[in-house]
Amino acid sequence: MTKTFLATRHLEVAEGFAQQRFRVSDLLQNADDALGRVPVAIGICHLADTHRESLGDGALDGARFHRAVDHRLGTETPSLAAANVNCGFAERRRFEQSGGRIAHDGIAFQRFWESRAYVLGGETYAAPGQRVGDFLAGRASTAFEAVVPSYQPGVLPTDLAAPGREALPTYAIDAIREALPAFAKQIAGFAMADAVLTGVETRTSSPLRIPRGKDLQSVNVAGLYPAGEGAGYAGGILSAGVDGIRTAEAVALSMLADIQRGGPTP
């Protein structure tokens, strides 16, 4: 394979976290002190036969549960032909210094649980899933009933909390078991027995942050502008777009300053 090298004084790297095809974190693997530690989120997707009427009057905004568990609850507006609502739970944990490399420990954590999900899904790229009723009762699911999961290539019914084969860390399982009934008090049908949990959700945020200064350049690599989700500065399409615009403006200002000084601007 032929490689092409381009010399540049300005490089914006806006790594899409969901795909991570250009792994900045791997390129910086020998500079762990330059990578910021951020909480690592892990959770599960939830699909329920919850009608849009139950989502009115700020039901989602008011949905909370009493433990200090960081979570996200988002919804997709149901189409006229469907009444299911898709959302998710995620809890964050912060890696502390324990003799290892903090930022990369977070990446290893995500890869471990993604590999576990692959195995639990039958190693066919199907996702492991479980009925909410079974999940709360502590028993495995053998089939889905009223609510049919839509993920492709498929969802394999199983036990997401089976000892030794958990799809999530035990602290996340405990938090979700506590959260489901709490949400159901404000959103009718949220914890219905046939609702489906599908795992695992590990890509709600980046496990690391590449620190940058006020000029949005990397603090240890001049001319490198980390941006977006993969660099730890966004948590979705909208915020990633906004951060990309801010970073592009910073690059333009730096290039303009080079021009004004009469210097090179590649």
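The values are calculated or read from the model by the stated rules, or taken from the named source; none is laboratory data. These figures come from a predicted structure and were not determined experimentally. Note: ideal-geometry Cβ built from the backbone for every residue, glycine included; neighbour counts use all protein chains shown.
Just checking, does segment 240-251 include any residue being more than 25 Å from ALA41 (Cα to Cα), surrounded by fewer than 17 Cβ atoms within 10 Å (Cβ to Cβ) and of a type in the set (A, V, I, L, M, F, W, C)?
Taking every residue of segment 240-251 in turn, at least one turns out to be more than 25 Å from ALA41 (Cα to Cα), surrounded by fewer than 17 Cβ atoms within 10 Å (Cβ to Cβ) and of a type in the set (A, V, I, L, M, F, W, C).
Can you run down the residue pairs with Cβ atoms below 9 Å, 6 or more apart or on separate chains, where the first is in segment 199-219 and of a type in the set (Lys, Arg) and the partner is part of a strand (DSSP E or B)?
Every condition considered, the pairs that remain are ARG203/ALA41; ARG209/GLY36; ARG209/ARG37; ARG209/PRO226; ARG212/SER218; ARG212/LEU224; ARG212/TYR225; ARG212/PRO226.
Can you name the residue in segment 138-167 that is loosely packed, with under 12 Cβ neighbours inside 10 Å and of a type in the set (Gly, Ala, Ser) and is also nearest to THR202 (Cα to Cα) among such residues?
Checked segment 138-167; the qualifying residue nearest to THR202 (Cα to Cα) is GLY164.
For residues that are in a helix (DSSP H, G or I) and crowded, with 21+ Cβ neighbours inside 10 Å, tally how many sit in segment 181-222.
The total comes to 1.
Going through ARG209, ARG203 one at a time, which residue ends up being of a type in the set (D, E, K, R) and more than 29 Å from PRO153 (Cα to Cα)?
The match here is ARG209.
Within the bounds of segment 198-217, is there any residue that is at pLDDT 90 or above, of a type in the set (A, V, I, L, M, F, W, C) and under 30 Å from GLY138 (Cβ atoms)?
No, there is no match, as no residue in segment 198-217 is at pLDDT 90 or above, of a type in the set (A, V, I, L, M, F, W, C) and under 30 Å from GLY138 (Cβ atoms).
Please go through segment 139-179 and give me each residue that is aliphatic (A, V, I, L, M) and free of Cβ contacts under 8 Å to residues at least 60 places away in the same chain, ordered by number.
ALA140, ALA143, VAL148, VAL155, LEU156, ALA161, ALA162, ILE173
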